[in-house]
Amino acid sequence: MGGSINTTRIPLLERDQVTPEVANVYDALQKSRGVVPNMFKTLAHTPALALATAGYLKALLSDGALPGWYKELIATHVAVLLGSHYAVSAHSLSAQQKGATDDQIEAVKTDFDRGRFTEAQKLGLRCAERIHRSASEIDDGFFANLKQMFNDQQIIELVATASVFEFFPRFVDALRIPITPPAKVLE
């Protein structure tokens, strides 16, 4: 018989169990987030993948052509569409840490059209929904709307964010990676 639905399928590796390069990633995550996400504690079994993922996500989710908090909200919304509690929890927290309001976070979980977003931001969330259903839904008419609201660099970041976060929630859920506990607050 299979294990419990709540049992991780791959052990989580702690800092003293990983290569020095992955330990550096743990240290950077601990410093920036206050915690090492369990996804990285799983990816650490394959150091090259852990390192590549950390580098890619840092570049993707940092402030760029689009603000990091908005890209975290896109990731949160995609996670809601996929029903991934792990990814909803992780990206909601990251969005908040990067400056998204509680109202914005709640709106991407329920009804972003009623949230405090610009029309461009709502269009970006609609883009993520279309990519979720099928990339073919980014037809010429919809793309023309994107071009009216976003420049090329912003479109690339938007589409990359929506596309990448189709993968990660599926990865964590297939491996039953437990939700990362919140960072401990020092008093």
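Taken together, the values in this text are just the output of simple stated rules run on the coordinates, not laboratory data. Predicted, not measured: the structure shown is a model, and the values here were computed from it. All Cβ positions, glycine included, derive from the backbone under ideal geometry; neighbour counts span all protein chains shown.
Rounded is the label for region 49-157, because the ratio a/c of its alpha-carbon gyration tensor axes (a ≥ b ≥ c) stays below 1.5. The charge dipole of region 1-110, taken about its Cα centre with unit charges on the Cβ atoms of Lys, Arg (+1), Asp and Glu (-1) only, comes to about 160 debye. Each residue of region 12-19 is assigned a 3J(HN,Hα), and the resulting list reads 7, 8, 8, 4, 6, 10, 10, 5 Hz, derived from the Karplus form 6.51 cos²θ - 1.76 cosθ + 1.60 (θ = phi - 60°), x at Gly and Pro. Three semi-axes describe the equivalent ellipsoid of the chain; taken as square roots of 5 times the Cα gyration tensor eigenvalues and ordered largest first, they are 29, 18, 17 Å. Rg and Dmax, both from the Cα atoms of region 104-187 and both in Å, are 15.8, 54. Across the options F165, F143, I155, the greatest Cα extent toward the positive end of the charge dipole of region 120-165 (unit charges at beta carbon of Lys, Arg, Asp, Glu) belongs to F165. In the chain, helices alone account for a calculated mean residue ellipticity at 222 nm of -20500 deg cm²/dmol, with every DSSP H run of four or more residues adding -39,500 (n - 2.57). Among S94, S134, S84, the largest mean-square fluctuation in a Gaussian network model of the chain, built with springs joining Cα atoms closer than 10 Å, belongs to S134. Region 110-134 and region 38-53 have Cα centres separated by 30 Å. Each residue of region 105-116 was assigned a 3J(HN,Hα) from its phi angle through the Karplus curve 6.51 cos²θ - 1.76 cosθ + 1.60 (θ = phi - 60°); the sequence is 4, 5, 5, 6, 8, 10, 8, 5, 4, 9, x, 7 Hz, with glycine and proline shown as x. Sequence-ordered 3J(HN,Hα) estimates for region 121-131 from the Karplus curve with 6.51, -1.76 and 1.60 and θ = phi - 60° stand at 4, 5, 4, x, 5, 5, 4, 4, 5, 5, 4 Hz, glycine and proline given as x.
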